[in-house]
Amino acid sequence: MAFSERVSRLKSSLIREILAAAQRPEVMSFAGGLPAEVMLPKVQWQDMPLAMGQYGMSEGEPQLREALAAQARQLGVPCEASQVLVVSGSQQTLDLTAKLYIDKGTQIMLEAPTYLAALQIFQLFGADCLTVPLQADGPDLVQMRARLEQHRPAFIYLIPTFQNPSAVRYSEAKRDAVAALLDEFGVTLIEDEPYRELTFDGGSATPIVGRLEKASWIYTGTVSKTLLPGLRVGYLIASPDLFPHLLRLKQSADLHTNRVGQWQAMQWIGSEQYQAHLDQLRSFYRQRRDEFQGALLTHFADLADWQVPQGGLFFWLSLKQPLDTRTLLKSALEHDVTFMPGEPFFADPERNPGHLRLNFSHIDPARLDEGLKRLATVIRQAQAAQAA
């Protein structure tokens, strides 16, 4: 069968496979980035106009675009509603970006580690992925400059606020420095912020795109982590030079985003009801983060190092005795527990063994201690076998 050359680069999604395996009710899963179901807000549909069932504008609902632009301006992103494109989850932004920039062999730059699905889609389109290591407060600037001087990538993809998977939040100084570098080298910034609202210490520095003076940019967000992921409503805001191209790519992909989901998002964004919901969400996840930290100290203190996340949905663990954590999955599932191996979050997984991403938002707190205890047992057994 004569498929396109691109299909040979298509990798199955490890996270989707793990989530499928974790469907058994007895499995305790730390794998997905799933919001807690008890915190999904109750929504009503009875007031939705019948017209929302009709085809809509490719750009998105005008009222929603205005609300998203107003929200972004409050964060320091210079934009008008005419720069907002409502997309089918921020995942679609990555697809449109790949279509806009990437031919086979196009060089792009990413954090190491980075969001797994972004890596997957960029590699599908044939990108040559250059990486810059993450430090506790953001990227290694020396290495970033060296890469930019040597390669001039088509774009750089960054997740500066509670990064997935590492939970790193860039400092103000790093954000300024990154913006200055991108302006200096004329490299487009793709800034992905799905976790911005989930801050536990009240802090979140303003987006990097608002600090750029010359470089082109795309800023993307979603309601999946704060409202309902099932709505599949996200948005991108782009510098005026990029927006028309992204709009045409959107039209060729799916005409427009689900209007029923857009209507629901419009009922929340910018409202007092939404602000109250976010406050409850932060408090709830902060408590789950604290409980998780306590259980980690009990079961993992001698096994791994980690930073306590100040937002988002994940802990990122680095094993003190590294091994390929992908090899632990089968044994973990036999113990009715699962997690996300760290290797696939790197462009060169074989050279980055020994990390785990653990989601703290979804698991029932009553099962948390037992789940981490079992996972620690799986790791200890594998390390003992490796040392034998």
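The table for this structure:
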item	result
Distance between modelled label sites at residue 366 and residue 171, nm, 7 Å Cα→Cβ extension	4.4 nm
Projected label distance in nm at residue 302 and residue 9, using a 7 Å step from Cα toward the beta-carbon	4.6 nm
Sorted peptide list for 300-307, 372-379, criterion being average Cβ within 10 angstrom, highest first	372-379, 300-307
Antiparallel content of DSSP bridges confined to the chain, in %, to 5	55 percent
At 0.692 mPa s and 37 °C, Stokes D of segment 1-147 from Kirkwood alpha-carbon radius, µm² per second	168 µm²/s
Tensor-based shape of segment 245-381 (alpha-carbon gyration tensor, a/c under 1.5 rounded, otherwise prolate or oblate)	oblate
Alpha-carbon centroid distance for the pair segment 273-300 / segment 69-105, whole angstrom	29 Å
Net length gained if the chain between residue 37 and residue 272 were fully extended (0.36 nm per residue, minus Cα distance)	82.4 nm
Mean accessible surface per residue for the chain, computed with a 1.4 Å probe while every protein chain stays in place, in Å²	42 Å²
Under 14 Å, Cβ to Cβ, from residue 360 - net charge with Lys/Arg +1 and Asp/Glu -1	+3
Segment 109-130 and segment 160-209: distance between their alpha carbon centers, rounded to Å	18 Å
Calculated FRET value between residue 54 and residue 280, using beta carbons and R₀ = 45 Å, to 0.05	0.85
Percent accessible area from carbon and sulfur atoms, segment 55-271, protein chains only, probe 1.4 Å	50 percent
Two-site label geometry, residue 143 and residue 334: point separation in nm, points 7 Å out along Cα→Cβ	3.5 nm
Relative counts (whole %) of C-alpha pair distances in segment 323-377, using bins that are 5 Å wide	4, 19, 27, 23, 15, 9, 2, 0
Å³ per residue enclosed by the Cα convex hull of segment 55-271	110 Å³
For segment 138-255, convex hull of alpha carbons as volume per residue, Å³	120 Å³
Anisotropy class of segment 108-164 from Cα gyration tensor, a/c 1.5 cut	oblate
Sorted peptide list for 136-142, 213-219, 312-318, criterion being average Cβ within 10 angstrom, highest first	312-318, 213-219, 136-142
Per-peptide average of other Cβ atoms within 10 Å, ordering 237-245, 109-117 highest first	109-117, 237-245
Cα gyration tensor category, rounded, prolate or oblate, for segment 69-194 with a/c compared to 1.5	rounded
Restraint check, 174/214; 99/214; 225/250; 42/99, Cα-Cα greater than 28 Å	42/99
Cα-Cα pairs of the chain separated by more than 36 Å (percent)	23 percent
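The values are calculated or read from the model by the stated rules, or taken from the named source; none is laboratory data. Small disclaimer: the values here were computed from a predicted structure and weren't measured. So basically every Cβ, Gly included, is an ideal-geometry build from the backbone, and we count neighbours across all protein chains shown. Note: areas computed on protein heavy atoms with side chains; ligands, DNA, RNA excluded. Shrake-Rupley method; radii C 1.70, N 1.55, O 1.52, S 1.80 Å.
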